[in-house]
Amino acid sequence: MANTDITVFSQDGVFIPSVPSVPVVSGDTVSFTTSDGVPVVLFFSPQAASILSPAPPSAYTIPAGGKAVFTFSSSNAGAYSVYFGTDASSGPAEFPTAVLKVLLLELEALAEPAPPFSGPHDNTTSGS
């Protein structure tokens, strides 16, 4: 069975995984570590948590310098995803609902949203 090692990098308040997704194959394993050894919280979608062994809680913390290893118990398609964060109480409000045969490794910026777009501005006038 195959193992996919995921390294999670911290950049400007955002955790970035080393790959965007992992194929869901029964018996395969997926492991998570951080690049700099800081703790990271994994937020698994309910369907993803249901096919991983050991079954992770909704917010699973990898301790500093630690590693998390899970085994897929299914090869069926589902809405499988995981987000990364620093605080176990600030998980995503919702997860992607696309039904796929991969575990999506999701990014979510912690920075403030961009200011609203006010539309194009054209300071020229047409004359005639």
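Summarising the strand pairing of the stretch 3-106, around 70 percent of its internal DSSP beta bridges are antiparallel. Backbone phi angles across the stretch 24-36, fed through the Karplus curve with coefficients 6.51, -1.76 and 1.60 (θ = phi - 60°), yield HN-Hα couplings of 8, 9, 3, x, 6, 10, 10, 10, 10, 9, 9, 5, 10 Hz in residue order; Gly and Pro are listed as x. Under a no-solvent Debye model with one identical scatterer per Cα of the stretch 3-106, what's log10 I(q)/I(0) at q = 0.22, 0.23 Å⁻¹? For the stretch 3-106 at q = 0.22, 0.23 Å⁻¹, log10 I(q)/I(0) is -1.21, -1.33.
The numbers here are math on the coordinates, done by the rules we state, and not lab data. Note that the structure is a prediction, hence the values are computed from the model and not measured.
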